[in-house]
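The values are calculated or read from the model by the stated rules, or taken from the named source; none is laboratory data. Quantities reported herein were computed from a predicted structural model and do not represent experimental measurements. For neighbour counting, all protein chains shown are included, and Cβ atoms are generated from backbone atoms with ideal geometry for every residue, glycine included. Surface areas here come from the heavy atoms of the whole protein model, side chains and all, with no ligands, DNA or RNA. Shrake-Rupley method; radii C 1.70, N 1.55, O 1.52, S 1.80 Å.
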Number of protein chains: 2
Amino acid sequence: MPRSTKQSPERGDARTRLLEGARDVIRRKGFAATSVDDLCQSAGVTKGAFFYHFNTKDALGVAAANFWSETTSAIFASAPYHEPDDPLERVLAYLDFRKGLIDGETFEYTCLVGTMTQEVHDSAPAIRDACAASIFGHAATLETDIEAARKQHNIDADWTVESLARHTQAVLQGGFILAKATGDPDLARESVDHLIRYVRGLFRVGPNTSETNYEKSSWPASKSPRKRSLPPSN
Amino acid sequence: MPRSTKQSPERGDARTRLLEGARDVIRRKGFAATSVDDLCQSAGVTKGAFFYHFNTKDALGVAAANFWSETTSAIFASAPYHEPDDPLERVLAYLDFRKGLIDGETFEYTCLVGTMTQEVHDSAPAIRDACAASIFGHAATLETDIEAARKQHNIDADWTVESLARHTQAVLQGGFILAKATGDPDLARESVDHLIRYVRGLFRVGPNTSETNYEKSSWPASKSPRKRSLPPSN
DNA sequence: CAGAACATACCATACGGTTGGTATATAGTT
DNA sequence: AACTATATACCAACCGTATGGTATGTTCTG
């Protein structure tokens, strides 16, 4: 029988639990409306622990944005959309992958750093910069595939690789807003569909390339029972 | 000499000034971070006036969303993008018009109801519904032109008119987020350019139709001196 | 003069943050 | 192996202020 069989959360991971709680609570309520007490409660710690790990609430905001960057980039790095040999296929597979992530409750699939950017862009530059680094850093990961696809398909474009990469993020962020307005994730998926159609048009490929429909992998959200792990029986 | 030459703001329009102040301050700081005192100060009134006109802060949020709907739909109704005879030209002119509105400080061109939706979607259903009505109500105004263009160009589409109308709003909202992340309106205009290219592709028209570049009209923002009312001299 | 449209002063609470203390793990000493 | 020193990682209680909201008074208008 090991010593220290305490059921309560392990000592030493309060910081991580605070960041995970912040990720979910802030996506629900927004940054400003989330109190430090809310964050402590979601992590199961007291304010002493909070202010031991973060000097101020804004400091947690910065840390949460960085935490988001690290966790999501790990997910994207190991995601299956990199597998196709054709670079355009990889771009389309990325968009299909993103579309697959949009499911469940709103706070489960929306973007933490996009949400925080909206709120703090004018009042908390440190948080905003951390969010911007997350958004544009992720967008930049798409650029090599887009560039390779452009060369392979001999596209002489009136658009830049960087702007298309950013545009994909804009569409996702905007889709999240429409989804939040009604609580319906279909509104976000719908815009991704238009984006996919746009990219296909840019590269002059038909509508039926790459229909792998990548399975949804784990996305930063508190473990919630995912309904329908098997397809419906009808 | 007329009686009541008081320089101070007219009696009777405190409500309007509160809504106008809310429009600008909330776009800067967000809804939750904007205090009632902030709103009173921006309108030049006291809390007595505020709570005379609005029972609660959330009630002002609803009223601000409705105010936004009314003022912006008046602007769009009288905007020049309705002039072209060709319906597709009107759609493209609308997007060009929206692009032209993106200028100046961030709080001047971003969308109030999009901002508020992000924050209160899960905690203030009344505000969220008012915002949703504004967003989707505006999107619906595009549907007749899109539908007419689709018939005229004989497009048998795999997309619905409604979804394309919504997609335009998603792109705009997403562009606003990217612009807020850096303070650079070019990031929003860039996404509108991609959207315009997408719509042209959907209707199979070349890149050089309708380049009117409609002059920017008045958009809900506090009167700020607009630089460069004349084009640069080079 | 009655009621609408404000202003002033005030209240209870929730908020971000601080203070002082305690349990735990680790390292060094004997 | 036992004991101490020390830093880490937290907890519980407290503090000043900002906040949403109220109660009451005042001014203007029809």
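Exactly one residue out of A:ALA148, A:ALA181 is within 7 Å of chain B (Cβ to nearest Cβ), out of contact with any strand residue (DSSP E or B) (no Cβ under 7 Å at 6 or more places or on another chain) and over 13 Å from B:GLY174 (Cα atoms): that is A:ALA181. Tallying residues that are part of a helix (DSSP H, G or I), more than 12 Å from DNA strand C (Cβ to nearest atom) and away from chain A (no Cβ under 14 Å) within the range B:43-61 yields 2. For A:ARG23, the stated conditions hold: it is at pLDDT 95 or above and more than 16 Å from DNA strand D (Cβ to nearest atom). Looking at the range A:14-23, is at least one residue open to solvent by 30 Å² or more (accessible area, probe 1.4 Å) and either within 16 Å of DNA strand C (Cβ to nearest atom) or within 14 Å of chain B (Cβ to nearest Cβ) (or both)? Yes.
Listed here are the residues, each with its yes/no results for (1) open to solvent by 70 Å² or more (accessible area, probe 1.4 Å); (2) among the small types (Gly, Ala, Ser); (3) at pLDDT below 95.
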{"residue": "B:SER4", "(1), (2), (3)": "yes, yes, yes"}
{"residue": "B:SER8", "(1), (2), (3)": "no, yes, yes"}
{"residue": "B:GLY12", "(1), (2), (3)": "yes, yes, yes"}
{"residue": "B:ALA33", "(1), (2), (3)": "no, yes, no"}
{"residue": "B:LEU39", "(1), (2), (3)": "no, no, no"}
{"residue": "B:ALA49", "(1), (2), (3)": "no, yes, no"}
{"residue": "B:ALA65", "(1), (2), (3)": "no, yes, no"}
{"residue": "B:ALA74", "(1), (2), (3)": "no, yes, no"}
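Let's see how each residue does on (1) basic (Lys, Arg); (2) within 16 Å of DNA strand D (Cβ to nearest atom); (3) farther than 27 Å from B:GLN173 by Cα:
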| position | (1), (2), (3) |
| --- | --- |
| A:ASP58 | no, yes, no |
| A:THR71 | no, no, no |
| A:ALA77 | no, no, yes |
| A:GLU105 | no, no, no |
| A:ALA124 | no, yes, no |
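The combined condition, being surrounded by fewer than 22 Cβ atoms within 10 Å (Cβ to Cβ) and more than 7 Å from chain A (Cβ to nearest Cβ), is not fulfilled by B:PHE176.
Can B:THR110 be described as polar (S, T, N, Q), within 11 Å of another protein chain (Cβ to nearest Cβ) and either more than 16 Å from DNA strand C (Cβ to nearest atom) or within 30 Å of B:LYS151 (Cα to Cα) (or both)? Yes, satisfied.
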